1. Hey, B:Ala94 hits all of (1) at pLDDT below 90; (2) touching a Lys or Arg at 6+ places or on another chain (Cβ under 8 Å); (3) part of a helix (DSSP H, G or I) but one; which does it fall short on?
2. Of all residues in segment B:125-151, which are under 14 Å from A:Gly193 (Cβ atoms) and assigned to a helix (DSSP H, G or I)?
3. Looking at segment B:169-177, is at least one residue at pLDDT below 95 and among the acidic types (Asp, Glu)?
4. Can you work out which of the residues in segment B:166-184 that are hydrophobic (A, V, I, L, M, F, W, C) and either surrounded by fewer than 18 Cβ atoms within 10 Å (Cβ to Cβ) or within 11 Å of another protein chain (Cβ to nearest Cβ) (or both) is nearest to A:Ser51 (Cα to Cα)?
5. (1) at the interface with another protein chain (Cβ under 8 Å from one of its Cβ atoms); (2) part of a helix (DSSP H, G or I); (3) over 21 Å from A:Ala42 (Cβ atoms): which one isn't true of B:Met162, the others all being true?
6. Considering only segment B:40-62, state which residues are more than 10 Å from chain A (Cβ to nearest Cβ) and not in a helix (DSSP H, G or I).
7. Just a yes or no: is a residue in segment B:89-101 more than 9 Å from chain A (Cβ to nearest Cβ) and closer than 30 Å to A:Thr85 by Cα?
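The values are calculated or read from the model by the stated rules, or taken from the named source; none is laboratory data. If you're wondering where the values come from, they're calculated on a predicted model, not measured in any experiment. FYI the Cβ positions are ideal-geometry reconstructions off the backbone, even for glycines, and counts take in every protein chain you see.
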Amino acid sequence: MSDHKHDHRKTYLNVWFILMALTVITVVAASINFGKINLFIAMAIASVKASLVILYFMHLKGDATLNQVVFLSAFGFLAVFVLLTLSDVIARPPVAPVVVTKIQGITGNQGVVMARLRNSTPEQIQKGKAIYMAQCATCHGENADGLGPAAVAFNPKPRDFKSGYWKLGGEPSRVYHTVENGMPGTPMPAFKGLTPEDRWAVVHFIRSFSPNTPADTRATLALIGLKPDGTPQSVSTEKVIPELPVDFIIEQIVKENP
Amino acid sequence: MSTHVIPHHFDNAEQAYQSSKLGFWLFLVSEILLFGGLFVAYIVFRSLYPDMFHEASGELNRIMGGFNTIVLICSSFTMAMGVNRVQHNDPKKAVMFLAITIAFAAIFMVIKYFEYSHKIHLGLLPAGFYHYDGITHPRAPLFFSLYFVMTGLHGVHVLVGMGLITWVLLRVKRGDFSNQYYTPVELVGLYWHLVDLIWIYLFPLMYLIG
């Protein structure tokens, strides 16, 4: 403990003053636009500040050599962590720009898409089956009887689609609304991560089991933003925020690069 | 006066002190790597969506973030002074400096509370909880996932630090330490400086990248 006999108070005060000054400098530097150099300036200043804290406040300077090696090794490990991860990220082909334009083409005209998708087709039912098995079967069961492996834990129990009973209505639009928003007060979650196309496919698949499949009415069509005759509104009042689910991105990339 | 007894498996006080310190440095290494994982996530997503980070970062309050940086630097200074006073058999001043450190930590958390409640109010929340339409980029929730997890984990460390500093403060008051034995104060000091260290990087990365 001999190394703590002399007084460090003056050093602490100087270090404190420099740290305060560097904080002001980094804020000022960030408000000036140097382009990409901004990041390097900010990181350089942060590293000077960090070094001051480590060397003087934590007095790693003057500490046992073993402690110095141990602590500095953290930054060696951190470098390995960052560089190996980045080597993977950098090696990937750029995908984002392609996807963004593609998706906006579809969701930008949501009403038209909704009007088309709300009518069941065999292809949709088939597609819905695959999505159902991946997303829904754990709770609702592979046979749509509400007896999935996870159903045991739930109260209220997941819907048995063969019963013909619909808590929030069995019209296509109402079932779609339930898939999209979930059922508050029950474990049924909102599947906002699925595309409208995928949600409709699931809706048509689920309804194919039910002995009770009422048709849409004015009220239920309004629920998904369609006019009473089932056609899209001319002006969409809702702002559409495009979502990019991973599966959909992959699908688009495959389509674009046969 | 100090009533500390050196554990029997050590030769002397110096060896006991150095062992504790080595152990604590190792713990700090694990802390750096814990935050390191989050920094890696930050780096990867920022390299994927640079424009989104630019846009989303603009929603953070630089003044509050900058003020908190200054608060933490001051608290690191008073902590160092507190440890110094314990080492020089000056418990009265040590208690004062430790109390000021706790006060700074509390100020930091109060400002964090105002920042968080403002974000929650606007709907600038992680992942699926996000509901704010002022940012056009579809990946903006990702930034707020990182923001809340990184500053949240740091905030938990601040709270733990407040508890630890309170603990050593009470022990200093009770007269447990002297220039012969002050290991717990020294180690809590190291912990507190690490909390400051992490914020020194979090501040520019979250608030200043505009």
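1. Every listed condition holds for B:Ala94 apart from (1).
2. Of everything in segment B:125-151, those that are under 14 Å from A:Gly193 (Cβ atoms) and assigned to a helix (DSSP H, G or I) turn out to be B:Ala127, B:Gly128, B:Phe129, B:Pro141, B:Leu142.
3. yes
4. Once the filter is applied, the top-ranked residue is B:Trp167.
5. Unmet condition: (1).
6. Selection gives B:Gly58, B:Glu59, B:Leu60, B:Asn61.
7. We begin by selecting, within segment B:89-101, every residue more than 9 Å from chain A (Cβ to nearest Cβ); these are B:89-101.
Still in the running and closer than 30 Å to A:Thr85 by Cα: none.
Within segment B:89-101, none of the residues are more than 9 Å from chain A (Cβ to nearest Cβ) and closer than 30 Å to A:Thr85 by Cα.
Results for (1) of a type in the set (Lys, Arg); (2) in contact (Cβ under 8 Å) with a residue 12 or more places away in the chain, shown as yes or no for each residue.
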| position | (1), (2) |
| --- | --- |
| A:Leu13 | no, no |
| A:Ile32 | no, no |
| A:Ala46 | no, yes |
| A:Lys49 | yes, yes |
| A:Val53 | no, yes |
| A:Gly62 | no, yes |
